[in-house]
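Nothing in this text is a laboratory measurement; each read-out follows from the coordinates by a stated rule. For clarity, every value in this text was computed on a predicted model and none was experimentally measured. Cβ: placed from backbone, ideal geometry, glycine included. Neighbour counts: every protein chain shown.
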Amino acid sequence: MEAGKNLLRELPSVDRLLNHPKSNLLLARFSRDYVTQQCRDILDELRAVIRQGNSITVKEIDEESILSRLEKRIGRDRDSKLVRVVNATGTILHTNLGRALLPQAAMEAVARVGGSPVNLEYDLARGERGKREEMIESLLTDLTGAEAATVVNNNAAAVLLGLNTLANGKEVIVSRGELIEIGGSFRIPEIMAKSGAVLKEVGSTNRTHPQDYEKAIGKRTALLLKVHTSNYKIVGFSAEVDLPALAAIGKKHKIPVMEDLGSGALVDLTRYGLPKEPLVGERIALGADVVTFSGDKILGGPQAGLLVGKNP
């Protein structure tokens, strides 16, 4: 016990550590508050070790040793947290491993524009402020055949904004078999509640029919929602209302139809031997007024949620 108290008294103060010549380089590169906090954290850890009675020597708690520890800690803290790994999961676009890889041409394009000012929100032809969505919108409309498009930070946000814009305070009809949950606790009912829309479930878990939607439509109905169940399948005694049938119901009652594709695809992946994924362009052609999907899962790059559809 007495030895522990002696070791505690031997610990240098934060001021002594900061005034040591070895700290000069750290203080020149990093803020004093940051370096001070790192010193305090190390001293707290050493005190805990001593109080627990673990073996530790005077040499391990002198200024030189603590400052060496400080340099290593700050070095680790400043290193990139992203490192290359081997994807041996069997899942090509793995959610936890960066999803789609960027092609060389895309990386070169990022490098070209990342080191200088660019016309992100400036219209060079008109010589005035522009809209940052315009550049990506034209690409997405060309790829999908939609009339309009925009980008948000992820697909959950895309779904939430679509629901909020089209059905805030009103009812959204969705099949019980499509009230999905995916990774990261993304649940359709919770997203709908946050959007301000009112969930109206129809059908059953395994079977939903066109008449279920027809019977549920009322004065407060603002949207028909279809959700692609990309992470599970119901097989056997099951039935669902496909998009053309749902779009026909929406057109009949003058109610827009929105589809959440999750990941979706912009090109037919079966030509490369990959499983069939619903094409965004096909969903637009089949009558969806709005389609939401994830940009990063299929395209790589930063996380993104994409919305495409008809002009208001």
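In order along the stretch 18-26, the phi-based Karplus estimate (6.51 cos²θ - 1.76 cosθ + 1.60, θ = phi - 60°) of 3J(HN,Hα) comes to 5, 8, 6, x, 5, 7, 4, 5, 5 Hz; Gly and Pro are listed as x. Footprinting exposure proxy ranking of 55, 195, 13, 294, fewest other C-beta atoms within 10 angstrom first, gives 55, 13, 195, 294.
Here the calculated FRET efficiency for residue 105 and residue 274, from their Cβ-Cβ distance with R0 = 22 Å, stands at 0.60, rounded to the nearest 0.05.
Pick the calculated Kirkwood radius over Cα pairs in Å for this structure from [x] 19.8; [y] 21.8; [z] 24.2? Evaluating Kirkwood radius over Cα pairs in Å on these atoms matches [z]. Karplus-derived 3J(HN,Hα) values for the stretch 81-95, using 6.51 cos²θ - 1.76 cosθ + 1.60 with θ = phi - 60°, are 7, 8, 10, 6, 9, 9, 8, 10, 7, x, 9, 5, 9, 7, 4 Hz; glycine and proline are entered as x. When the chymotrypsin sites (Phe, Trp or Tyr not before Pro) in the stretch 184-253 are filtered for DSSP coil states and for at most 13 other beta-carbon atoms within 10 Å of their beta-carbon, the remaining sites are 232, 237. Between the stretch 189-253 and the stretch 1-70, the alpha-carbon centres lie 62 Å apart. 3J(HN,Hα) couplings calculated from phi for the stretch 33-46 with the Karplus curve 6.51 cos²θ - 1.76 cosθ + 1.60 (θ = phi - 60°) are, in sequence order, 4, 5, 5, 4, 5, 5, 4, 4, 4, 5, 5, 5, 5, 5 Hz; Gly and Pro show x. Amide H to amide H distances under 5 Å link residue 122 with 130, where only residues 5 or more positions off or on other chains count and H is placed in the peptide plane.
The angle separating the long axis of helix 63-78 from the principal Cα axis of greatest extent in the chain is about 10 degrees. A Förster radius of 22 Å, combined with the Cβ-Cβ distance separating residue 128 from residue 148, puts the computed FRET efficiency at roughly 0.50. Using only Cα atoms, tell me the angle between helix 133-144 and the longest principal axis of the chain; keep it within 0 to 90° and round to the nearest 10. Tilt relative to the chain: about 50 degrees.
Between residue 190 and residue 121, residue separation times 0.36 nm minus the direct Cα-Cα distance comes to 21.5 nm. Among 148, 88, 216, whose mean-square fluctuation peaks in a Gaussian network model of the chain (Cα, cutoff 10 Å)? The residue with the greatest mean-square fluctuation here is 88.
Quick one: net charge around residue 294, please, counting Lys, Arg +1 and Asp, Glu -1 for every other residue with C-beta under 12 Å from its C-beta. Counting the neighbours of residue 294, the net charge comes to -1.
Entry note, the chain: the mean residue ellipticity at 222 nm calculated from DSSP H runs of n ≥ 4, each adding -39500 (n - 2.57), is -12500 deg cm²/dmol after division by the residues and rounding to the nearest 500. Diffusion of the stretch 2-78 by Stokes-Einstein, at 20 °C in a medium of 1.002 mPa s and with Rh set to the Kirkwood radius over alpha-carbon pairs, works out to 167 µm²/s. Sum up the charges of everything whose Cβ sits under 11 Å from the Cβ of residue 219, counting Lys and Arg as +1 and Asp and Glu as -1, but leave residue 219 out. So the environment of residue 219 carries a net charge of +1.
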